[in-house]
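The values are calculated or read from the model by the stated rules, or taken from the named source; none is laboratory data. What you see is a predicted model, and the numbers here were worked out from it, not measured in a lab. Cβ atoms come from the backbone with ideal geometry, glycine included; neighbour counts cover every protein chain shown. Ligands, DNA and RNA are excluded from the accessible area calculation, which covers all protein heavy atoms including side chains. Shrake-Rupley method; radii C 1.70, N 1.55, O 1.52, S 1.80 Å.
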Amino acid sequence: MKVKCLNNQKTIVFAKEELVKYLLLTGTNINENNKEVMLGLYSDFNKLKEKDDEKEDSYTINIKKGNGFIAGSNPRSVLYGVYKYLKELGCDWVRPGADGEIIAQCDAEKVNVMLSEKASYNYRGVCIAGSVSLEHVICQIEWCAKMFYNRLFMELVDPSVFFEKWYNHTDNPKRKPEGITKEKIDEYMNIISEEIRKRGMIFQRAGHGFMCEPFGINVYEWGKTVGENFLIDNDTREMLAQINGKRGLHKNIPMITNICMSNSKARKKVVEYVVEYAKNNKDIPEIHFWLADGYDNHCECEECQKALPTDFYIMILNEIDEELTKEGIDTKIMALSYVELLWPPIRERLINPERFGIMFCPITRDNSISYKMENPYERELFLPEFKRNNIDWAMSAAENFAFIKEWQKCMPNFNNFYEFSYHFYWRGLIDYGFYNTSRNLFEDVVYLKNAGMDGMISCQLTRSYFPTGLGLYSYAKALWNRELNFEDVSKEYLKSSFGDGWEFVYKYLQTLSETSEYSENRYPNDVPPKYVKKRCGWVREFLVQTKEEREKYIGSNIVEINSWKYLNEHAEFLMYFTKLLETIEDKEYESSKSALDSLSEYLYEVEEKVENVFDIGSVFSRYPALIEKFKAE
């Protein structure tokens, strides 16, 4: 069996390398007979030229007894077709890294595969965030391509913090800091960009940071203050938002500081910075331009109060487009409908909508209820009144969908709306089995089409596969094919991950979700509802009851062995974590501090065993600060 490229585009050549590599691993003989599989674009095959639409990801596979072709609408779709063919041979990838890779043993020449598929959505992506090494990120990129994701997004204008957290091991004092320089981070970013481009995927960058970086104020990390002695010159101060009669850094935190958007000098400085950023990052096809993070932080000066923040935001977006057009730069700009920007513009409209995508960001939504359950788009929806720096939080799906419906009314011919989802950001500390959350996310993705949305990007920590990778696996499947059924996908995943005993895991995860999950979703570092204390006891009882059966399974290959290892380690984590939550509910400092210390010691010791699937910073970024508040009280 031979593999031949009809097109020398880089991603298609890589697709050939991947196909040959995995066919050899399956035991298939390569280059030993006259049978041939051809790889190329639809335009490389006469009978498929009419299907050629590179904007839509799709592929066709037609291989009989080792002869045939894999064709795609664009280079990455050819790569997707290769992975789909390997999946049909029995291969699978249940999480990033070698310990998530299932290689079928078969003779590919005896397997016929004939199918065509097209993606249900254009925007199919995840974030690279949290504490990460270069190896973590590359493993994630490799896995995302195999799951048919087409976008990876690294947030912040300066993303150094994600690497520094890992290489300095700021979350684990028992690991020796390795250290990393800004030059090394830049080198890693170039490697990451190349790995993404090699697969024909889209690298999105930036987001928060554009409100202060243009003024020489580094926006480095969420919640990071600059110190009382940090000086801002008077010219810069006049360009920052005025809140409660004062201009300057809001709460002394650059990340949550906006500019005075009615100030043309401030806007010009930001626009020039964005254009220069695009010039210096021509390998990045989509740049996110966001305002400051946080809320209740928009300028209250007389001129700014004459229009909604969103109107000024659209004004800046149009100014960015004008300058990019002058420079001949075709970089796409991703805008964010978030917090105060959920309210659509009243007077401004995008002049060149083709340059933009708009990401709907329902950060305060209760994700314990799916769109399917609530069916918000078919209901009569009402927009709450906009109150500058005193907005009402939208919790339900219906409340949040009222915003997107109004955006669509004022931009009726704009088709580039998609969602920024928070299911993986903190739900693992609320829904311990992550089964219900995975199902809800799957149903949300299926529902997006009904609401005129074209996909989703997941806001998450990179290493979100604890206790299993079901969530990100099923999320990818729904984004590619919204006609699939969640139960079928979950069973397929668990069989691949756990082998014998998968049915136990299927019921175990469901029960764990039902026992633990609660709907309070504003932030997990808020004190949980009163009934959570009782649920923590139930969770520990369930873990004790299932311990013997859970630990009797070993697994027959490296994937299954590690899947069971992660599941059992997750159970041990919950024994510590639920005790912490119980003490937090009581708001008693000493007992909470003691429980946190016990959990911390456990996490320090176990991190190296689970670092490929779990970011322990998800715990340390939230609960220590909350407990310190009890001491102050």
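Before moving on, here are some points about what is shown:
- Qualifying residues in the stretch 190-238 (those that are in a helix (DSSP H, G or I) and hydroxyl-bearing (Ser, Thr, Tyr)) - the one nearest to residue 125 (Cα to Cα): 193
- Checked against the criterion of being modelled with pLDDT of 90 or more, more than 18 Å from residue 463 (Cβ to Cβ), aliphatic (A, V, I, L, M) and open to solvent by 10 Å² or more (accessible area, probe 1.4 Å), the stretch 611-626 contains not a single residue that satisfies it.
- Qualifying residue in the stretch 27-40 (condition: surrounded by 12 or more Cβ atoms within 10 Å (Cβ to Cβ) and assigned to a helix (DSSP H, G or I)): no
- Residue in the stretch 585-597 that is free of Cβ contacts under 8 Å to residues at least 24 places away in the same chain, in contact with a Leu (Cβ under 8 Å, 6 or more places away or on another chain) and not aromatic (Phe, Trp, Tyr) present: yes
- Within the stretch 262-312, restricting attention to residues that are closer than 16 Å to residue 334 by Cα and among the polar types (S, T, N, Q), the residue that is surrounded by the fewest Cβ atoms within 10 Å (Cβ to Cβ) is 281.
- Residue match in the stretch 33-51 (condition: touching a helix residue (DSSP H, G or I) at 6+ places or on another chain (Cβ under 7 Å), in contact (Cβ under 8 Å) with a residue 40 or more places away in the chain and aliphatic (A, V, I, L, M)): yes
- Considering 333, 329, the condition of being open to solvent by 10 Å² or more (accessible area, probe 1.4 Å), modelled with pLDDT of 95 or more and aliphatic (A, V, I, L, M) is satisfied by 329 alone.
- Test for residue 131: is it touching a helix residue (DSSP H, G or I) at 6+ places or on another chain (Cβ under 8 Å) and within 30 Å of residue 204 (Cβ to Cβ): yes
Each row is one residue, and each column tells you yes or no for (1) closer than 16 Å to residue 426 by Cα; (2) out of contact with any Phe, Trp or Tyr (no Cβ under 8 Å at 6 or more places or on another chain).
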| position | (1), (2) |
| --- | --- |
| 566 | no, no |
| 583 | no, yes |
| 595 | no, no |
| 602 | no, no |
| 610 | no, no |
| 613 | yes, no |
| 617 | yes, yes |
| 623 | yes, yes |
| 629 | no, yes |
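- Test: residue in the stretch 406-418 that is of a type in the set (A, V, I, L, M, F, W, C), open to solvent by less than 10 Å² (accessible area, probe 1.4 Å) and assigned to a loop (DSSP other than H, G, I, E, B): no
- Residues located in the stretch 45-61, provided they are at pLDDT 95 or above and either more than 33 Å from the chain's Cα centre (by Cα) or more than 18 Å from residue 8 (Cα to Cα) (or both): 57, 58, 60, 61
- Among the residues making up the stretch 41-73, a single one is assigned to a loop (DSSP other than H, G, I, E, B), of a type in the set (Lys, Arg) and either open to solvent by less than 60 Å² (accessible area, probe 1.4 Å) or within 25 Å of residue 149 (Cα to Cα) (or both): 55.
- Candidates 544, 559 - the one that is outside any loop (DSSP other than H, G, I, E, B), of a type in the set (A, V, I, L, M), under 28 Å from the mean Cα position of the chain (by Cα) and modelled with pLDDT of 95 or more: 559
- In this structure, residue 475 qualifies as within 12 Å of the chain's Cα centre (by Cα), crowded, with 24+ Cβ neighbours inside 10 Å, within 18 Å of residue 372 (Cβ to Cβ) and among the hydroxyl-bearing types (Ser, Thr, Tyr).
- Yes/no for residue 382 being within 29 Å of residue 446 (Cβ to Cβ) and without any contact (Cβ under 8 Å) to a residue 60 or more places away in the chain: yes
- Residue 320 being open to solvent by less than 10 Å² (accessible area, probe 1.4 Å), touching a strand residue (DSSP E or B) at 6+ places or on another chain (Cβ under 8 Å) and not in a helix (DSSP H, G or I): no
- Which listed residue is over 28 Å from residue 123 (Cα atoms) and touching a helix residue (DSSP H, G or I) at 6+ places or on another chain (Cβ under 9 Å), from 63, 12: 63
- Of the residues making up the stretch 221-244, those that are out of contact with any strand residue (DSSP E or B) (no Cβ under 6 Å at 6 or more places or on another chain) and free of Cβ contacts under 8 Å to residues at least 24 places away in the same chain are 229, 230, 231, 232, 233, 234, 235, 236.
- Qualifying residue in the stretch 75-88 (condition: surrounded by fewer than 18 Cβ atoms within 10 Å (Cβ to Cβ) and in a helix (DSSP H, G or I)): yes
- Within the stretch 92-124, considering residues that are out of contact with any Ser or Thr (no Cβ under 8 Å at 6 or more places or on another chain), among the hydrophobic types (A, V, I, L, M, F, W, C) and assigned to a strand (DSSP E or B), the one surrounded by the most Cβ atoms within 10 Å (Cβ to Cβ): 93
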